[in-house]
Structures are given as structure tokens and as C-alpha cells.
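Some notes on the structure that comes next.
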Amino acid sequence: MEQLKEGKLGDLASQLDQEVRQGRAVSEEKLKQEQGSQYAARASRLAETKLQRLGESDVAVIPYTGDESIELIREALLTLAETMYASRKAALDTAVAHEMNLTIEFGDPELETPSSIELEEETERARVALELVRELLSEGIDTLAEVNR
């Protein structure tokens, strides 16, 4: 997480950090299944204080486990990389299909020197980044599996 915060993905790191700290919402049934004895202890405390138990449609917030936190971060990074590639690929495919210029310029040429990107190069960089993210994240899963053995 620290590497994300230090890099160009500070906003993503902040979002993930907040999500992990907030925990996840679960229904009473799911809480019973996952928490077992903790659920029974909580129900006992609620009864002692004369508070109602969670209803069918109520939810509780429980913290993510370490593995769930890592999986949340892994999924967010993978989704980011996939979206990055897919959006560039769609723009490239559309430009090619309509015989448009494959260089996109940003800015008003009358007011400033516009910046530009080459769609083919940008799409290829995004594809390579996606492959790298997939490779790095799968290595992380392999490493975690070895540690948990």
C-alpha cells in the first residue's frame, strides 16, 4: 500500500485504505456463518443491554481479514489495468475503423502548444502494463500460497 501511495496511484491507495478500514457490510445470516462464536457473544451482549438483534434486512460492518484486504487491493489494481487497456484499445479500434488520425491532441492550439498521444503506442504500453500487473499479482498469489502452506 505504501508503494501505491508513493507512486502515481496515491488516490487509488487512499480509496483502498479507506475501504479496508471501514470493513464490509454483511447480513445477519452471513454474520452467523462467518463469525460463529463471536456472533453468539454479540447476540448475548445485545440481549443483556435489551437491544434488538439484527433483523433480516439489517447489516453489520465487520473488518476485512488480512487475506480479504489483500484480495480487495489485488482486484482493484487488476481492474484498473484492465480498464486502462480496454479504453485505449476501444479508442484505437474506433479510430482505425473510421479511418481517423491515430494521434490525439489535447488543448487549444490557438492558446497553447497542445499535448498529444499516439493511440497505437499508448495502447501497446497499456497492454504491456496489464500483462505486467497480471504477472506480478499472480506471483503474489503464488507467494501467499507458499507462505500459507
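Read-outs throughout are calculated quantities, based only on the coordinates presented, and are distinct from any laboratory measurement. Keep in mind that this is a model prediction, so the values were computed, not measured. Positions of Cβ are generated from backbone atoms using ideal geometry, with glycine treated the same way; all protein chains shown enter the neighbour counts.
The residues packed around E82, meaning those with a beta-carbon under 15 Å from its beta-carbon, carry a net charge of +3 if Lys and Arg are +1 and Asp and Glu are -1. Within the shell of other residues whose beta carbon sits under 15 angstrom from the beta carbon of T123, the net charge comes to -4, with Lys and Arg scored +1 and Asp and Glu -1.
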